[in-house]
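Please read the structure below before turning to the comments.
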Amino acid sequence: MRNKITISALAMGLAVGSFLMSASDADAQSKRRFIAIGTGGPTGVYFATGNNICRQVHREAAEGRKSGRKHGIRCSAPSTGGSIYNINQIRAGELDFGVAQSDWQYHAYNGTSRFEGNKFDKLRAVFSVHPEPFQIIVGGESGIRSWDDLKGKRVNIGNPGSGQRGTMEVLMAAHKTTTGDFQVATELTSTEQSKALCDGKIDAYGYTVGVPNAGVAIATDGCGAKIIDLNSGVEKGLVEKFPYYAFATIPKGTYKTSTQDVTTFGVMATFVSSADVDEDLVYEVVRAVFENLDDFRQQHPAFRNLDPKRMIKDGLSAPLHPGAAKYYKEKGWM
Ligand code: GLU
């Protein structure tokens, strides 16, 4: 009975509230839309990417309120398991957008590798962001200098659902290495792995991530970990065979232990969505990012060199979402 009174009093309050609401407030509210962007672990660059995109969406909303160009979009970018998780959640309609490695965008759209028999043909590319070199980070005293030295060591292969786990498995297959070749293969998340390395619980971990980033710095600057070269014939073969891989350099001086350039292979971080997500919603998000690109570049060192000409092309293998294509055409970029 008491509950009933409270609820009806509340309902009355709401009714009076909406009666007092001005026509333009009601209009903005009816158009209010919430979007969710899948990222990665909180110390990675995907988390910074998703939250940077939300920052620009909200900046545009604030500017729009002054100029009368309202879009009503509210954005959140929670931490997630990474690329493959994000793609699967977009397919399930649980996320509207996500950040994903270009290799996993390719495989999901084409139904290859991990997505064999499970093709996601509604996957759509929006733009690409920063390069992501695949890195093997090793303990300073581990004695590991090359891939072959990982044999018999404790290696973190990454949490299921992360992009690095997928890419690590591809690289293991290419090197004909199995988890049985390691003393232990752990499945720690990107947030746990650097601490585990510094605590001496693992000897090495694989991570596909933008440079520089706080997670890797915990291990390099914090406990003397190093990044090894991955430029043998095996990696050369991968780069020659697959369009989504390219060689990448992690320059000397990036971290405290970066005493020389490191050569490895890598992918691009890309921003993806689904054909089921409204064209005008994607258009507004894309517009917010590119109209505020100077601010976007300032939010993380991995974004400093972003170039729109490359962002609308590099690493995109799924078709462009029509909402993104509309904006790029308006700008005369395509
Ligand atoms: N590339 C990683 C993944 O797909 C995430 C890297 C990051 O969080 O910046 O899981």
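The values are calculated or read from the model by the stated rules, or taken from the named source; none is laboratory data. These numbers come from a predicted model, not from an experiment. Counting neighbours? That spans all protein chains shown, and the Cβs are built from the backbone with ideal geometry, glycine included.
Scanning region 249-256 turns up one or more residues that are free of Cβ contacts under 8 Å to residues at least 60 places away in the same chain and surrounded by 18 or more Cβ atoms within 10 Å (Cβ to Cβ).
Ala26 - would you say it is at pLDDT below 95 and touching a Ser or Thr at 6+ places or on another chain (Cβ under 8 Å)?
Numbers: at pLDDT below 95: yes; touching a Ser or Thr at 6+ places or on another chain (Cβ under 8 Å): yes.
The answer is yes for Ala26.
Each row is one residue, and each column tells you yes or no for (1) of a type outside the set (Ser, Thr, Tyr); (2) closer than 27 Å to Arg32 by Cβ.
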position	(1), (2)
Thr254	no, no
Ala275	yes, yes
Val285	yes, yes
Leu293	yes, yes
Asp314	yes, no
His321	yes, yes
Ala325	yes, yes
Tyr328	no, yes
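Anything in region 100-127 that is buried (at least 23 other Cβ atoms within 10 Å of the Cβ), polar (S, T, N, Q), touching a helix residue (DSSP H, G or I) at 6+ places or on another chain (Cβ under 9 Å) and over 22 Å from Ala217 (Cβ atoms)? List them, or say none. Step through it out loud before you land on a result.
First pass over region 100-127, keeping only residues buried (at least 23 other Cβ atoms within 10 Å of the Cβ): 100-108, 123-127.
Filter once more, so that each one left must be polar (S, T, N, Q): 101-102, 105.
With the extra rule that they be touching a helix residue (DSSP H, G or I) at 6+ places or on another chain (Cβ under 9 Å), the set shrinks to 101, 105.
Result: Gln105, single match.
Taking region 55-88 as the range and being at pLDDT 95 or above, of a type in the set (S, T, N, Q) and either more than 21 Å from Leu188 (Cβ to Cβ) or touching a Pro at 6+ places or on another chain (Cβ under 9 Å) (or both) as the test, the residues that pass are Gln56, Ser76, Ser79. Only one of the numbered conditions (1) within 16 Å of the ligand (Cβ to nearest atom); (2) closer than 27 Å to Ser232 by Cβ; (3) surrounded by fewer than 20 Cβ atoms within 10 Å (Cβ to Cβ) is violated by Gly140, and that is (1).
Ala185 meets the stated requirement of being more than 16 Å from the ligand (Cβ to nearest atom) and touching a Ser or Thr at 6+ places or on another chain (Cβ under 6 Å).
Among residues of region 158-177 being of a type in the set (A, V, I, L, M) and without any contact (Cβ under 8 Å) to a residue 60 or more places away in the chain, the one that is nearest to the ligand (Cβ to nearest atom) is Met168.
Can you go through Ser67, Ser146, Ser76 and tell me which one is of a type in the set (Ser, Thr, Tyr), more than 16 Å from the ligand (Cβ to nearest atom) and under 30 Å from His175 (Cα atoms)?
Numbers: Ser67 fails: under 30 Å from His175 (Cα atoms); Ser76 fails: under 30 Å from His175 (Cα atoms).
Just a single option satisfies the conditions, and that option is Ser146.
I'd like to check something: does region 100-117 contain any residue that is assigned to a strand (DSSP E or B), closer than 25 Å to Phe296 by Cα and in contact with a Ser or Thr (Cβ under 7 Å, 6 or more places away or on another chain)? The answer is yes; a qualifying residue exists.
Per the listing Gly224, Gly210, Gly206, the residue uniquely on the phi > 0 side of the Ramachandran plot, in contact (Cβ under 8 Å) with a residue 12 or more places away in the chain and either small (Gly, Ala, Ser) or in contact with a Gly (Cβ under 6 Å, 6 or more places away or on another chain) (or both) is Gly224.
Comparison of Ala288, Ala269, Ala302, Ala318 shows that the only residue that is in contact (Cβ under 8 Å) with a residue 60 or more places away in the chain, surrounded by 14 or more Cβ atoms within 10 Å (Cβ to Cβ) and in a strand (DSSP E or B) is Ala269. Scanning region 122-144 for residues that are of a type in the set (Asp, Glu) and under 13 Å from the mean Cα position of the chain (by Cα) returns a single hit, Glu132.
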